[in-house]
Amino acid sequence: MNEQSAKPRWFPANLAVAGAAKALDTDGLYGTRVLVERQPLNSLLFADNTVDLVLALLDRGATEQGTDASGDLASLSIQEIVRVLRPG
């Protein structure tokens, strides 16, 4: 079990992801044009050249809890982002 799945569903970051997914679904965009996921930044679960935009957000909840939120961004792999981004 990874650290992300060990966090309860009510964990603030999980609620933000669920809220964003619900809003996008209401607009008919979720799953067809937009995905919102919370996952490690060093291994993106998308095929090569399939993504138009990757956003990496700082987990404010981690900062408020005194954990090292910058560690999450430090694990961001530029090579992994380039791999999944669609050319052009």
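Would you pull out the residues with amide H under 5 Å of V51's amide H, same chain only if 5 or more places away, H placed 1.01 Å from N?
Those qualifying (amide H under 5 Å, at least 5 residues apart or on another chain) are L85, R86.
So if each residue of separation counts as 0.36 nm, and I subtract the Cα-Cα distance between Q39 and L57, what length gain in nm does that give?
5.4 nm
Could you calculate the contour length gain from L15 to Y30, that is, 0.36 nm times the residue separation minus the distance between their Cα atoms, to one decimal place in nm?
Details: separation 15, 0.36 × 15 = 5.40 nm, distance 1.59 nm.
Stretched fully, the L15-Y30 segment lengthens by 3.8 nm.
Only the coordinates and a few stated rules stand behind these numbers; no lab work does. Because the structure is predicted, anything quoted here is derived from the model rather than measured.
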